[in-house]
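The values are calculated or read from the model by the stated rules, or taken from the named source; none is laboratory data. Every value quoted in this text rests on a predicted model; they were computed, and no experiment measured them. Reconstructed Cβ throughout: ideal geometry from the backbone, glycine too, with neighbour counts over all protein chains shown.
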Amino acid sequence: MKNDVSEETENTPVVRNVQFEILRYNPDQDDEPYYQTYQVPCQEEWVILDAINYIKDNLDRSLSYRWSCHMAVCGSCGLMVNGEATLSCHSFVREMPDKIRIEPLSNFPVARDLIVDMDGFVENLASVKPYIIPAEERGLEDGWYNQSPAQLEKYQQYTQCINCMLCYSACPQVGLNEGFIGPAALALAHRYNQDSRDVGRSAREDVVSSNVGIWECSFVGACSEVCPKHVDPAAAIQQTKIAATADYFKRFLMPWVKPKKSSSLEPGDEK
Amino acid sequence: MKPVDGEAKIANSKKGSYKVSHKPIIWSLFAAGGTLTALLMPVLVVLVALAVPVGYLPAELFSYARIHELLASPIVKLIVFAVVFLSLWHSAHRMRITVHDFGLRADSFAVFVFYGIAAVASIFLVLAII
Amino acid sequence: MKLDNGHYIRPLARYTWWTQQSSYIRYILREVSSLFIGFFSIVLVCGLYRLSQGEAEFNSWREALWSNGFALSIIVLFFAGYHSVSWFSVTPKAMPLTFSGKRVAPEIIIGAHWLLWLLSSAFVWLLFIYGGDL
């Protein structure tokens, strides 16, 4: 043996007993959610997800929650940890106190335990026409688009969204304003509006600039603070506000200037 | 290239319920006012309200005759009007949003009160400056 | 509230949500700054209106501001400063700039705004003090 390390210290990991208070809800049995407490011996390198997996494996098989990649790329494991929206695989237990409160993501209906209903979220994403709307329809024979690094830079950060919904939980306006389509949907719209292959800004306007779009945002900025992929939806929304304001005044002050239209959209797709 | 039927259906499903927003009008005033107040409010507060009471500037700088003369110039009138006008509307809009942030569901009332105060103050501003 | 499909909608802390996190409290302080800035703008309108009415009226406005209004003006100054700090800190988000292919660092954009603040404040100050001589 090279190192003079006793077998005992090598085999016994340092654990800290942490008390987890987890929101439980079974729609078949409960009328209301309630908190259940678990004592978990947490290892030093654990993330919250490891502790929850420990609970499910050893203490309570009925606990339901979403997770997948365990490395902050799939966006499945969003939770409220001591009141803050975070990915459970991205949040280290060693940085937390001895009592940790786990709840499902705020501003979403609870389906069961830590699982929220994300149907509304998906509808919001779809509502901004999240696909390239080119100036003319193109086929494979037309070849590829050319895009410079500078053109890519304009929208690349907004492509990084993993749909984890943390921004919706952090945003107070999502809670206060019913129907607000939210940060991720607006960042997604911006991703396409900024893409040089796309001319669809006017087609997305009726949702993005509507009474449930960018104007419901008061620039709290919490969305960008919690985003694990640094998408910065707050920036996307503010830039969209400026562009939308310019469009609005152009329409009234320079009515002869027509917005770019796409010949590839069907008649019902545009406003 | 073209959206498949399913996507188009989802994208258009809520079409009828979206309403055009005229927020850009008030938001332009808000953004311009916010920028001007960020740049000039601190110096204006110090200059107008604090410099004389703390003894840094003599009160004669703010004599009726001198101020009246300074404001005689049309350029000065225009700048003073622009700064105060935009500051009023910036504040009014932000207060409207803040009232909503505090949980109060009375947006029409907030519009009436805050934009109303701004409008009345704007009228007095015009009367005073002209 | 339990929905027909079994899902549960949790009650929203409509009046106290902003007390839950320090970043929310800072946001509310930023928004409330407009109350004091708006109030001071109205004070300025009053001053201009009193000026148009005559010397006696203007002087009484002036004296009231400098005596009774002193403490409140200090508070207005604090919130005016808070507004400037918060407004400039988010300008990089609203106006991303690229220079020769690279994104301009946010600190540079914020610094440029503070420089502009310094120049415009100095301009107003000096213009006021020496403007009568021009």
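Look at (1) touching a helix residue (DSSP H, G or I) at 6+ places or on another chain (Cβ under 8 Å); (2) more than 24 Å from A:LYS241 (Cβ to Cβ); (3) away from chain A (no Cβ under 14 Å) and you find that C:LEU116 fails only one, number (2).
If you take the residues of the stretch A:131-158 that are of a type in the set (Ser, Thr, Tyr) and surrounded by 15 or more Cβ atoms within 10 Å (Cβ to Cβ), which of them is nearest to the other protein chains (Cβ to nearest Cβ)? Full working, then the answer.
We begin by selecting, within the stretch A:131-158, every residue of a type in the set (Ser, Thr, Tyr); these are A:131, A:145, A:148, A:155, A:158.
Remaining after also requiring surrounded by 15 or more Cβ atoms within 10 Å (Cβ to Cβ): A:131, A:155, A:158.
Values: A:TYR131: 6, A:TYR155: 11, A:TYR158: 11 Å.
Within the stretch A:131-158, the match that is nearest to the other protein chains (Cβ to nearest Cβ) is A:TYR131.
Every condition in (1) within 30 Å of C:ILE25 (Cβ to Cβ); (2) touching a Leu at 6+ places or on another chain (Cβ under 9 Å); (3) part of a helix (DSSP H, G or I) holds for B:GLY103 except the one numbered (3).
It is to be established whether one or more residues within the stretch B:84-95 are modelled with pLDDT of 95 or more and either in a loop (DSSP other than H, G, I, E, B) or charged (D, E, K, R) (or both). Yes, the conditions are met somewhere in the stretch B:84-95. Just so you know, in the stretch A:195-244 the residues that are over 19 Å from A:ASN124 (Cα atoms) and among the polar types (S, T, N, Q) include one that is farthest from the other protein chains (Cβ to nearest Cβ), and it is A:SER196.
If you check B:VAL126, B:VAL52 for being of a type in the set (A, V, I, L, M) and not in a helix (DSSP H, G or I), only one passes: B:VAL52.
Being out of contact with any Pro (no Cβ under 9 Å at 6 or more places or on another chain), among the β-branched types (Val, Ile, Thr), outside the structural domain of C:ILE108 (by TED's automatic domain parsing) and more than 25 Å from B:ALA59 (Cα to Cα) narrows it down to one residue among C:VAL43, C:VAL76, C:VAL32; which is it? Can you show your working first?
Values: C:VAL43 fails: more than 25 Å from B:ALA59 (Cα to Cα); C:VAL76 fails: more than 25 Å from B:ALA59 (Cα to Cα).
The match here is C:VAL32.
Consider the stretch C:79-94 and keep the residues that are in contact (Cβ under 8 Å) with a residue 40 or more places away in the chain and of a type in the set (Phe, Trp, Tyr). The one that is surrounded by the most Cβ atoms within 10 Å (Cβ to Cβ) is C:PHE79. The residues of the stretch B:45-85 include none that are over 23 Å from C:GLU55 (Cβ atoms), at the interface with chain C (Cβ under 8 Å from one of its Cβ atoms) and surrounded by fewer than 16 Cβ atoms within 10 Å (Cβ to Cβ). When the stretch B:71-114 is filtered for residues that are among the aromatic types (Phe, Trp, Tyr) and touching a residue at least 60 places away in the same chain (Cβ under 8 Å), only B:TRP89 remains.
Would you say B:ALA38 is under 26 Å from A:GLU216 (Cα atoms), crowded, with 19+ Cβ neighbours inside 10 Å and modelled with pLDDT of 95 or more? I'd like the intermediate steps shown before the answer.
Working: under 26 Å from A:GLU216 (Cα atoms): yes; crowded, with 19+ Cβ neighbours inside 10 Å: yes; modelled with pLDDT of 95 or more: yes.
Answer is yes for this residue.
The helices (runs of 4 or more DSSP H) found wholly in the stretch A:161-219 and carrying at least 3 residues that are surrounded by 23 or more Cβ atoms within 10 Å (Cβ to Cβ) and touching a residue at least 12 places away in the same chain (Cβ under 8 Å) occupy A:166-170, A:183-193, A:201-208.
Residue count for the stretch A:77-91 satisfying the condition of being surrounded by fewer than 20 Cβ atoms within 10 Å (Cβ to Cβ) and farther than 18 Å from C:GLN21 by Cα: 1. In the stretch C:10-53, which residue that is farther than 12 Å from B:ALA128 by Cβ and small (Gly, Ala, Ser) is farthest from the other protein chains (Cβ to nearest Cβ)? Result: C:SER22.
Confirm whether A:CYS223 is outside any helix (DSSP H, G or I), in the same structural domain as A:TRP144 (by TED's automatic domain parsing), touching a Cys at 6+ places or on another chain (Cβ under 9 Å) and not charged (D, E, K, R).
In short, no.
Table: residues versus (1) of a type outside the set (A, V, I, L, M, F, W, C); (2) under 30 Å from B:GLU60 (Cα atoms); (3) at pLDDT 95 or above.
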| residue | (1), (2), (3) |
| --- | --- |
| C:PRO96 | yes, no, no |
| C:ILE108 | no, no, yes |
| C:HIS113 | yes, no, yes |
| C:LEU116 | no, yes, yes |
| C:PHE128 | no, yes, no |
| C:GLY131 | yes, yes, no |
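Go through the stretch C:40-88 and give me each residue that's in contact with an Asp or Glu (Cβ under 9 Å, 6 or more places away or on another chain) and basic (Lys, Arg). The one that is in contact with an Asp or Glu (Cβ under 9 Å, 6 or more places away or on another chain) and basic (Lys, Arg): C:ARG50. Restricting B:LEU71, B:LEU88, B:LEU61 to those that are hydrophobic (A, V, I, L, M, F, W, C) and closer than 26 Å to C:LEU115 by Cα reduces the list to B:LEU88.
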